[in-house]
Amino acid sequence: MSSDPVSFPPTVTASFKIKLGDHCLEARIDVPAGLVPQRFLLPIVQRLADTVVDAAIQEEQKDGRNVSCRAGCGACCRQLVPMSETEAYHIRDLVEAMPVPRRSEIRARFDAARQRLASSGLLERLVNCRSSDGADPRRLGIDYFRLGIPCPFLEAESCSIYPDRPVACREYLVTSPAEFCARPGVDPIRMIALPVKIWTALAALDPRADGTAAPRWVPLILAITWADAHSEPLPRPGPEILREFFQKLTGKPLPAPPTQSGGG
Ligand code: SF4
């Protein structure tokens with residue numbers, strides 16, 4: 001048994017209170033104080049997304065609408081799922097950390113999907129239309145869905161990485177009949193109304209080499225090959241990343257730094 005003391009990375013506690021539509025979110029969160037990759041703050045963003053989605057569900061219920069998404073309904077998991085570059089690195093690392101043979105099984109599903117995309121001619125369109133200022137994303141989404149490619153993490157019509165699922169998956173909840181999601185572009189799909197889109201704020205956080213402001217996105221189905229082909233941005237101070245994220249989320253500059261030191 002080791003007598004070495006357990007060391008935790010130093011943190012600062014950030015207090016925030018933001019108004020999102022009719023909702024006011026107030027919390028204190030511990031943020032790594034030192035230089036970290038952006039993906040280290042992903043758990044914070046995921047919790048925030050869950051909180052915003054929960055509040056949105058309550059608002060829908062007040063208006064008599066209930067979420068129709070159920071475990072075992074994986075219709076939306078054959079749609080084109082967008083994610084931030086930060087999440088693409090996380091997904092790649094998540095798969096890399098899986099034990100064998102699961103890791104090779106999941107990788108094989110990604111490879112099979114890529115081959116299917118290539119043979120249909122959609123791969124090139126997906127690779128070249130990553131920017132939100134690119135081609136019609138709705139058309140691309142419908143063409144993608146027609147291929148019927150299940151997400152590599154979909155098992156028995158349920159998400160096998162539920163706690164780690166992308167923010168866009170967390171935000172995609174509908175109050176229209178669940179079967180409508182199996183016919184995108186045909187029946188009107190009614191998504192819950194969110195006061196903010198967390199995944200786009202996260203995508204906007206990723207630095208663009210060309211200096212423009214439009215957020216970029218990576219299709220989940222290409223996440224691993226994309227992350228393998230692109231170096232991760234240099235680490236930055238955790239509070240700076242969080243501050244910038246909230247600026248992207250609220251569209252407002254934030255005057256005050258994190259308020260209090262803490263942690264180990
Ligand atoms: S990550 Fe999970 S929730 Fe998202 S598309 Fe894949 S299986 Fe569905």
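Since every read-out is calculated from the coordinates, none of them should be taken as a lab result. Computed from a predicted structure; not experimentally measured. So basically every Cβ, Gly included, is an ideal-geometry build from the backbone, and we count neighbours across all protein chains shown.
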Discussion item. Whole percent per 10 Å bin, from 0 to the bin with the longest distance: what is P(r) over all C-alpha pairs of the range 50-156?
Written reply: 12, 33, 36, 17, 3
Item to complete: Give, in nm to one decimal, the length gained when the segment between residue 124 and residue 61 is fully stretched (0.36 nm per residue of separation minus the Cα-Cα distance).
Response: 18.5 nm
Discussion item. Taking amide H atoms as placed 1.01 Å from N in the peptide plane, list the residues 5 or more away in sequence, or in a different chain, whose amide H sits under 5 Å from that of residue 155.
Written reply: 160
Item to complete: Distance from a point 7 Å along Cα→Cβ of residue 116 to each backbone N in the range 44-84: keep the residues under 20 Å and list them by number.
Response: 72-83
Fill in: Cross-link reach list, lysines versus residue 19, counting only Cα pairs under 19 Å and skipping chain neighbours closer than eight places
197, 248, 252
Discussion item. Let me check I have the definition right: for the range 132-189, take the eigenvalues of the Cα gyration tensor, multiply each by 5, take square roots. What are those semi-axes in whole Å, largest first?
Written reply: 20, 16, 13
Worksheet item: On full extension of the chain, what length is gained from residue 178 through residue 138, given 0.36 nm per residue of separation minus the C-alpha to C-alpha distance?
Response: 12.5 nm
Worksheet item: Which ³J(HN,Hα) values, rounded to whole Hz and listed in residue order, are derived for the range 185-201 from phi using the Karplus coefficients 6.51, -1.76 and 1.60 in 6.51 cos²θ - 1.76 cosθ + 1.60 with θ = phi - 60°, glycine and proline given as x?
Response: x, 10, 9, x, 8, 10, 8, 4, 7, 9, x, 8, 9, 5, 5, 6, 5
Worksheet item: If eta is 0.890 mPa s and T is 25 °C, what Stokes-Einstein diffusion coefficient results for the chain, Kirkwood Rh from Cα pairs, in µm²/s?
Response: 123 µm²/s
Fill in: Karplus 3J(HN,Hα) series, Hz, for the range 69-83 with 6.51 cos²θ - 1.76 cosθ + 1.60 (x for Gly, Pro)
5, 9, 4, x, 9, x, 4, 5, 7, 10, 8, 6, 9, x, 8
Fill in: Karplus-derived HN-Hα couplings along the range 34-50 (A = 6.51, B = -1.76, C = 1.60, θ = phi - 60°), whole Hz, x at Gly and Pro
x, 6, 9, x, 4, 5, 5, 8, 4, x, 5, 5, 5, 5, 4, 4, 4
Worksheet item: Under a 5 Å amide H to amide H cut-off, with H placed in plane at 1.01 Å, what residues pair with residue 83 once short-range neighbours are removed?
Response: 218, 220
